[in-house]
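The values are calculated or read from the model by the stated rules, or taken from the named source; none is laboratory data. No experiment lies behind these values; they were computed from the predicted model shown. Glycine also receives a Cβ, built like all others from the backbone with ideal geometry; neighbour counts cover every protein chain displayed. Heads up: the accessible areas ignore ligands, DNA and RNA and are worked out on the full protein's heavy atoms, side chains in. Shrake-Rupley method; radii C 1.70, N 1.55, O 1.52, S 1.80 Å.
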Amino acid sequence: MKEIRAFIQPHKLSHVTMALLEVPGFPGMTVMDCDGFGRERTQHVQDYKPFLPKKRLEIFAPDNLVEIIFETIIQAAYSGQHGDGKVYIMDMLEGTRISTGERDADLG
């Protein structure tokens, strides 16, 4: 099982969500508002703030779905503009569903 973490443009959230819902067996996701910056920064003459709003997606998926979810996010979030976002894949070491006590691979 892996964690897929994506940072996308807020206006792309519904498009990405609809695309992910088309993935057979999609396990669900958590969405959070966040602010950040990368190499590209906006310049404000007064009250300089480099942070731009993004949506952070967290998806815990079984290994057999990771690549399709990863590619789906990239395709659905793409606008061709700087700041489209980033997608990361990380190993999940362990997890437990609190209500049932299920662990690791059973969590999908």
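Roughly how many nanometres apart are two label points built 7 Å out from the Cα toward the Cβ at Ile68 and Arg39?
3.3
Order of 15-25, 65-75 by packing, highest average Cβ count within 10 Å first?
65-75, 15-25
Considering lysine pairs in the chain that are 8 or more places apart or on different chains, how many have Cα atoms under 14 Å apart?
Here the count comes out as 5.
At 0.36 nm per residue, and after removing the present C-alpha to C-alpha distance, how many nm does the segment from Leu52 to Asp91 gain when stretched out fully?
11.3 nm
With +1 assigned to the C-beta of every Lys and Arg and -1 to the C-beta of every Asp and Glu, and no other charges, what is the dipole magnitude of the chain about the Cα centre in debye, to the nearest 20?
Dipole size: approximately 480 debye.
Need the full-extension length gain, Ser14 to Gln75, defined as separation in residues times 0.36 nm minus the C-alpha distance. One decimal, nm.
20.6 nm
How would you order 94-102, 82-90 from highest to lowest mean count of nearby Cβ atoms within 10 Å?
Final packing ranking: 82-90, 94-102.
As I understand it, the dipole of the chain uses +1 on the Cβ of Lys and Arg and -1 on the Cβ of Asp and Glu, about the Cα centre. Which of Gly95, Met29, Phe51 lies farthest toward its positive end?
Farthest along the dipole direction, towards plus: Phe51.
How large is the accessible surface per residue of the chain, computed with a 1.4 Å probe and reported in Å² as a whole number?
Counting only protein heavy atoms, the per-residue value for the chain is 68 Å².
Give me, ordered by chain and number, the residues 5 or more places off Gly36 or on other chains with an amide H under 5 Å from its own placed amide H.
Correct list: Leu52, Lys54.
Of the heavy-atom accessible surface of the chain (probe 1.4 angstrom), what whole percent is carbon and sulfur?
53
Relative to the longest principal axis of the C-alpha atoms of the chain, give the angle of the C-alpha long axis of helix 63-77, reported between 0 and 90° and rounded to the nearest 10°.
Taking the Cα atoms of the chain, the angle to 63-77 is about 20 degrees.
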